[in-house]
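The values are calculated or read from the model by the stated rules, or taken from the named source; none is laboratory data. These numbers were taken from a predicted model, which means no experiment stands behind them. With ideal geometry, Cβ positions are generated from the backbone for all residues, glycine too; neighbour counts draw on all protein chains shown.
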Amino acid sequence: MRCGTLHPVDVAISYQGVREKMARMCSICQKIRKAGNNISHAHNITKRVFRPNLQTVRVQTGSTTEKILACTRCIRSNRVNKVG
């Protein structure tokens, strides 16, 4: 490793102001991507990924507000206390 470069694991990824250390995951229910198969009409099988529908939401935590990634199912079922 060269001097002055950061290892990819040590760098926090920023997505629309949300700081992450891991893959894209719902902050409430920890839903992550799942692997599966595409199956064509001719039954050709290829790998694919099912990703959760994550939205950036401003939430109230104590006396501060912060942005989190939450799946639409958690937002719809009122597990998230949105600000505004």
| field | Hits in region 42-75 (condition: more than 18 Å from residue 25 (Cβ to Cβ) and outside any strand (DSSP E or B)) | value | 42, 43, 44, 62, 63
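I'm checking my understanding of the structure. Among residues of region 44-84 that are touching a residue at least 40 places away in the same chain (Cβ under 8 Å) and of a type in the set (Lys, Arg), which one is surrounded by the most Cβ atoms within 10 Å (Cβ to Cβ)? Quick ask: steps written out before the conclusion?
Going through region 44-84, the residues touching a residue at least 40 places away in the same chain (Cβ under 8 Å) turn out to be 56, 67-71, 73-74, 79-80.
Restricting the remaining residues to those that are of a type in the set (Lys, Arg) gives 67, 73, 79.
On the way: 67: 16, 73: 14, 79: 13.
The extreme case among them is 67.
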| Looking at residue 23, is it of a type outside the set (D, E, K, R), assigned to a loop (DSSP other than H, G, I, E, B) and at pLDDT below 95? | yes
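Residue under question is residue 2, and the condition is that it be at pLDDT below 85, among the basic types (Lys, Arg) and part of a strand (DSSP E or B); does it hold? So that I can check it myself, show each step before the final result.
Values: at pLDDT below 85: yes; among the basic types (Lys, Arg): yes; part of a strand (DSSP E or B): no.
It is false that residue 2 is at pLDDT below 85, among the basic types (Lys, Arg) and part of a strand (DSSP E or B).
For residues in region 26-41 being part of a loop (DSSP other than H, G, I, E, B) and β-branched (Val, Ile, Thr), which is surrounded by the most Cβ atoms within 10 Å (Cβ to Cβ)?
As a first pass, look at region 26-41 and keep what is part of a loop (DSSP other than H, G, I, E, B): 26-33, 40-41.
Keeping just the survivors that are β-branched (Val, Ile, Thr) gives 28, 32.
Details: 28: 18, 32: 13.
Residue satisfying both the conditions and the ranking: 28.
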| With respect to the numbered conditions (1) under 18 Å from the mean Cα position of the chain (by Cα); (2) at pLDDT 90 or above; (3) among the basic types (Lys, Arg), which one is the sole condition not fulfilled by residue 47? | (1)
